[in-house]
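The values are calculated or read from the model by the stated rules, or taken from the named source; none is laboratory data. Every value quoted in this text rests on a predicted model; they were computed, and no experiment measured them. Heads up, the Cβs are rebuilt from the backbone with ideal geometry, glycines too, and the neighbour counts pull from every protein chain shown. Accessible surface areas use protein heavy atoms only, side chains included; no ligands, DNA or RNA. Shrake-Rupley method; radii C 1.70, N 1.55, O 1.52, S 1.80 Å.
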Amino acid sequence: MPSVFKYIPLAALSVSALTTAAYAERGSQGDLNLIYWQAPTLLNPYLASGPKDSEPASLVLEPLARHDETGKMVPWLAQAIPTLDNGGIAADLQSITWVLKPGIMWSDGSEFTADDVVFTANYCMDAESGCQMTAKFTDVEKVEALDPHTVKISFSKPKPYPYAPFVGLEVPVLQAIQFADCMGPNALNCSAQNLAPIGTGPYQITDFKPGDVVTYDINPHYRDADKPGFTKVIIKGGGDASGAARAVLETGEFDYAWNLQLDPQVLGQMKSAGKGQVVSSFGTAVERLQVNLTNSAAGLGDARSTRDGGVHPFLANPRVTKALSLAIDRSTLIDIAYGDAGRPTCDVLAAPAIYASGANDACLTQDLDAARALLDEAGWTDTDGDGIRDKDGVSMTMLYQTSVNPVRQTTQDLLKAWWAEIGVATELRAIAPAVFFGGDQSSPDTYQKFYADLEMFTNFFPGNDPEPYLNNWACASIPTPENGWSGMNVPRYCDPDYDALLAKLGNTVGIDERIAISKQLNDMLMQAGALIPLVHRGEVSAHANSLEGVRMNVWDSELWNIADWTRDK
Amino acid sequence: MTDLLALNAPPTGFWRRFQRHKGAVIGGGVLALILLAVLIGPILWPHAAGQINVTARNLGPSLSHPMGTDHLGRDLFAAVLQGGRVTILVGIVAMGLSILIGAAVGILAGMVRWLDAPLMRLTDLFLALPVLPLLLVTIMLWRDSLRGLFGAEAGIFLLIVAMIGLTSWMQTARILRAEVLALKKREFVTAATALGLRPWGLIRRHILPNVMGVIIVSATLGLANAIITESALSFLGLGFPPDHPTWGRLLFDGTEYLTLTPARAIWPGLMITLTVLCANYLGDGLRDALDPRGGLGRK
Amino acid sequence: MLTYCLRRLAFSVPVLIFISFAIFLLMDMAPNDPTANLPMSIPAETRAQLREALGMGDPLVTRYLLWCKQFFIHEPLNWLTDLTGLSFGDPDRLRVLSWASRAPVVELIAERLPQTLWVVGSSYVIGILIALPVGIYSAYRQHGWFDHLGSFISMIGYSVPSFFLGVVMIVIFAVKLNWFPSVYDTTLTVTGWESFLAQLRQMVMPVTILALYNAAQISRYMRASMLENLHHDCVRTARAKGASERRVVLAHVARNSMLPVVTVIALGIPQVLAGAIITEQIFKINGIGALLISSIQSGDLPVVQTLTFLFAVLIVLFNLLADIAYGLLDPRISYD
């Protein structure tokens, strides 16, 4: 049974984690102070607005399985990861059966059963609940308890990757009793429950001031008698990233600071104070330029930035986008703006490592001459002597937009300067995030309307299956006025071959074959010049030198193994 | 309230009193210097604001970069000169708008009896507005729409100027109304009215010249107020965008680099302080000079 | 007097209703989307469902009236229930809920208010305590060295923007000298000497800055008001009657000069609270100012609406109080 075999090293790993913490008794380590400068506002991940809420909730609420720091799935409240081989996944790929660990208790002393899992699924799948994780339950037909410790999730169609529901920090199990009155439209009004959910995790919430501070103490019914190490945990919110970094690295007021996207030089200087260390971890997030392959000229009216409006005067030519990509010095960009939080990349599917294609790595080194040659080849030269290339009366001037964010503005400034060197002019725009990422149909400035030539943002996919992510560039996902500008195919890329290959991916089960197809899809996107990847972005956090056991994890909650954390005295 | 006898006194008296106020003289002089610097400075200074130089990042002060450089190697002195243009322009235009509205409302309320009550209620209403929260909300929510309509810099400029102007005219209106009411009781105005001078002529020939002093004082203090407000908005990240930095914005951007290059926050902050201080001193001096009782300070 | 107060109150009501509607309208017309901050992996249909669940699809007037009902009827009833233990009406009535945290807005504000009040309140009291003697003595020895120094310092305090002074203080005292903490701890409860000291340490910087600004403003008014009264006939009479200089200044002049200053102090309170938005931002105090800013950024309309409205209520209320105080203190004024 090869798949069971696959998880043996993991079991060994958790045993070793146990032994390191074996000296520690439950609650012997004192207080732990964490700083989340984007303060948590609500602790129910199903209604939460992002990691700032779901991470603090992960101390309390747990899923059936998590991803560890290498991205591997580990059983958490379940006994094992269901697979085809161990019979957990049905042969027709239409259902998955989870067996729960026995004897797990909620922090109020009641027993954790399959009914809680069923309840949670129904809670989120109710269309009126405002649940934000509905995408995790796509195609789920029914969730049922076969016995108090067995849950079967049935899908309406074969699912080669059935690990979306109840895997990861965003989809933990809620207590059925506590949330019984919070179904449907009531979900949003259950303030008491949403602010202090009861969980199975190592800690329970004692006090929560939304937008300010969460205080926890040990869950008396936690399954491991020796854990957690720290008696009391405080997650403090508010301020900004530099203040949080200073509080850990320079003044030592806090033990752990989350999400420190700061100027590398500033962070480096703080590090030199010697009180703490910076840890980073890379997930699937890639900061990329989206290239508008359609014409965004304002004169086109309703056909603006749609395929009906025709192709872009120069960006639809892959030579031009290749030249733009070659003109970028990604290493310098990372030195200046990202530091530990970035690595250069030329693939939009840059992680997990097994999926990274590497076929496009030619763009990693800046080559201005090659870029100029490519543009010359494409027929774009400076005929009127104004320093900007042109052809047939069209000059190479681009509008480049992104959201307001210091790192993004730095990137914009740098790219503009490099492109000026190859004779391409750029006009910069920074739009407030609430508008840029907002779904307001009446605003011309959303990333989906894309009334510009280039735009920049980060996208990622949770977990480690890229299929839904690669689906973003199917022809059907192009935002248009007809579909209310929804869909993630922002470059308006449409290639029947790509769609055909995607369909094939959807029916492929073997992991090696899935990897090969995914790489091929990535390369198609890169060669068509639909996207220009810039930086593979990581998460950066800092912890005090005295804190031990931190295993920075970008695939799940950074606090996923907080029960194992100890203090070196 | 300022006494108007001052305006009928010979101008030499005004100048003598103004010159006696050392702070005002120095303030006026420095203010003029700052205006001159931001006006012609960017033309003379060899570095352009916003010119990236990746090899000269986060430098301390030197001869070629007297205020150092930022994280992209841009010269801070050039940025401060350029930023000052925007800051001071915002201050002047917003102050102009505020004075215009204030003067119109104040004089109308003073001159036209039936407009007095409604206009003063309107003034009360505006005084009851929570200005800073309202400014924040409006700018946060509207800046991108206006940016789309008028272009990057013009949009936010118009919004900020309009919002500051619209929320700061009330004091001027109140003071002017009181002045006009007091003037209307004076003999020469009564005489002019008796002689059949039309209201508009009365305003132009008798009222306006007599309230000019009050308007000038209000304008100077309004300039200081507008600059502070704009800087505060920019400091909260809700003013001018990073690609068109004002002093407030430079200060805001500099706070992240406090430990590395404190100059990035200190210089723009000093410039705001200096300008506001000078404008306040100038306003004080002008008021004292216009008021023969002297030395009354701000009321 | 009573009729005057009632008339003023009667005028305040339409003003406040108008302001609350204006704020609502302003925020509704602007492009704003509370789902914009969600991760990109959340699909458009889910976002649309969420907006629907938040009630954003209803017409403007419906939402405004709902807010009015929740804020003006449900909240006071809840408050009464909590206060008296009796139950009034339906206990499950809906309260004004924040979009971001799904918690009642009034509770959020109540949680944030103590730290704001501590910092703003103590700085205002300290500011007044400094301002009054400085103003009195400056006027008494007009053009003396104390007057000049005082005027200069108050001019500085009045002109230096708090966000600049705050930043400079952080560089010096928190970063270089490490005397004061850089993050304000809201969980700190004063239980003994040590926690009291900790509380003092974290309040020193914000309080100093706000107190300097308040003292600067109030001392200017106090000085001006004193100067006006020092030359009054009654002062000459008192002196002629042989009253001691101290008595003349303190009992006659200062007392009369307090009148306009009291009004200024009352009128200043709402402004000081609003001004704390900036101070809280600099010193990372999680007070109502920080709540306002973060709510604006996350498009949390109910919180912004309620907070802005509360600021308006404060302004109107203190205006009224100032007027009444003036009437009570100054017998020359009659309200008819």
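The table below lists the values:
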quantity	calculated
Any hit, segment C:225-234, residues being within 24 Å of C:E111 (Cα to Cα), buried (at least 19 other Cβ atoms within 10 Å of the Cβ) and among the hydroxyl-bearing types (S, T, Y)	no
Residues of segment B:198-238 satisfying the condition of being under 21 Å from C:S159 (Cα atoms), touching a Leu at 6+ places or on another chain (Cβ under 9 Å) and of a type outside the set (A, V, I, L, M, F, W, C)	B:S218, B:T220, B:T229, B:S231, B:S234
Selection status of A:K232, under 29 Å from C:A174 (Cα atoms) and surrounded by fewer than 21 Cβ atoms within 10 Å (Cβ to Cβ)	yes
Any hit, segment A:207-222, residues being within 12 Å of chain C (Cβ to nearest Cβ), out of contact with any strand residue (DSSP E or B) (no Cβ under 6 Å at 6 or more places or on another chain) and either surrounded by fewer than 22 Cβ atoms within 10 Å (Cβ to Cβ) or free of Cβ contacts under 8 Å to residues at least 40 places away in the same chain (or both)	yes
Selection from segment A:173-206 of residues that are under 28 Å from C:T186 (Cβ atoms), at pLDDT below 90 and either away from chain C (no Cβ under 13 Å) or assigned to a helix (DSSP H, G or I) (or both)	A:L188, A:N189, A:S191, A:A192, A:Q193, A:N194, A:L195
Filter pass, A:Y23 being closer than 20 Å to A:R551 by Cα, modelled with pLDDT of 50 or more and surrounded by 22 or more Cβ atoms within 10 Å (Cβ to Cβ)	no
Restricting segment A:235-260 to residues that are under 25 Å from A:L534 (Cα atoms) and more than 11 Å from every other protein chain (Cβ to nearest Cβ), the residue that is most open to solvent (accessible area, probe 1.4 Å)	A:N259
Residue in segment C:169-179 that is closer than 22 Å to C:I278 by Cα, touching a residue at least 60 places away in the same chain (Cβ under 8 Å), part of a helix (DSSP H, G or I) and within 12 Å of another protein chain (Cβ to nearest Cβ) present	yes
Number of positions in segment B:172-223 that are out of contact with any Ser or Thr (no Cβ under 7 Å at 6 or more places or on another chain) and either under 23 Å from B:I272 (Cβ atoms) or among the aromatic types (F, W, Y) (or both)	8
Hey, C:L321 within 9 Å of chain B (Cβ to nearest Cβ) and modelled with pLDDT of 75 or more or not	no
Of all residues making up segment A:270-309, the number that are modelled with pLDDT of 90 or more, open to solvent by 30 Å² or more (accessible area, probe 1.4 Å) and part of a loop (DSSP other than H, G, I, E, B)	1
Condition broken by A:Q38, with the remaining ones in (1) open to solvent by less than 50 Å² (accessible area, probe 1.4 Å); (2) in contact with a Lys or Arg (Cβ under 6 Å, 6 or more places away or on another chain) satisfied	(1)
Close pairs (6 angstrom Cβ cut-off, 6 or more residues apart or separate chains): more than 7 Å from chain C (Cβ to nearest Cβ) in segment A:434-450, modelled with pLDDT of 70 or more and part of a loop (DSSP other than H, G, I, E, B) anywhere	A:F436/A:Y447; A:P444/A:Y451; A:Q448/A:P479; A:Q448/A:W485; A:K449/A:W485; A:F450/A:N292; A:F450/A:S305; A:F450/A:V490
Residue match in segment B:184-201 (condition: over 21 Å from A:A241 (Cβ atoms), open to solvent by 50 Å² or more (accessible area, probe 1.4 Å) and within 14 Å of another protein chain (Cβ to nearest Cβ))	no
Residue within segment A:490-504 that is within 14 Å of another protein chain (Cβ to nearest Cβ) and either touching a residue at least 60 places away in the same chain (Cβ under 8 Å) or farther than 30 Å from A:K416 by Cα (or both) present	yes
Members of segment B:249-263 found to be aliphatic (A, V, I, L, M) and within 7 Å of another protein chain (Cβ to nearest Cβ), listed by number	B:L251, B:L258, B:L260
Subset of segment B:217-242 that is of a type in the set (V, I, T) and at pLDDT 85 or above - its residue that is most open to solvent (accessible area, probe 1.4 Å)	B:I228
Top-ranked residue in segment A:394-412 [being within 10 Å of chain B (Cβ to nearest Cβ) and under 19 Å from A:P533 (Cβ atoms); ranked as modelled with the lowest pLDDT]	A:N405
Residues that are hydrophobic (A, V, I, L, M, F, W, C) and in contact with a strand residue (DSSP E or B) (Cβ under 6 Å, 6 or more places away or on another chain), drawn from segment A:106-115	A:A114
Count of segment A:67-85 residues which are part of a loop (DSSP other than H, G, I, E, B), open to solvent by 20 Å² or more (accessible area, probe 1.4 Å) and either touching a strand residue (DSSP E or B) at 6+ places or on another chain (Cβ under 6 Å) or modelled with pLDDT under 90 (or both)	7
Given (1) assigned to a helix (DSSP H, G or I); (2) more than 14 Å from chain B (Cβ to nearest Cβ); (3) without any contact (Cβ under 8 Å) to a residue 40 or more places away in the chain; (4) surrounded by fewer than 21 Cβ atoms within 10 Å (Cβ to Cβ), index of the condition C:L188 fails	(1)
Residues of segment B:117-130 that turn out to be of a type in the set (V, I, T) and either facing chain C (nearest Cβ under 7 Å) or in a loop (DSSP other than H, G, I, E, B) (or both), as a count	0
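A quick yes/no check of all residues on (1) open to solvent by 20 Å² or more (accessible area, probe 1.4 Å); (2) assigned to a helix (DSSP H, G or I); (3) under 18 Å from C:V204 (Cα atoms); (4) within 12 Å of chain B (Cβ to nearest Cβ):
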position: C:Q115; (1), (2), (3), (4): no, yes, yes, no
position: C:Y137; (1), (2), (3), (4): yes, yes, no, no
position: C:H143; (1), (2), (3), (4): yes, no, no, yes
position: C:F163; (1), (2), (3), (4): no, yes, yes, yes
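So that you can scan it fast, the table gives a plain yes or no per residue for (1) closer than 13 Å to B:G165 by Cα; (2) surrounded by 19 or more Cβ atoms within 10 Å (Cβ to Cβ):
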{"position": "B:D70", "(1), (2)": "no, yes"}
{"position": "B:L76", "(1), (2)": "no, yes"}
{"position": "B:G84", "(1), (2)": "no, yes"}
{"position": "B:G96", "(1), (2)": "yes, no"}
{"position": "B:V112", "(1), (2)": "no, no"}
{"position": "B:A117", "(1), (2)": "no, no"}
{"position": "B:F126", "(1), (2)": "yes, no"}
{"position": "B:V137", "(1), (2)": "no, yes"}
{"position": "B:M140", "(1), (2)": "no, yes"}
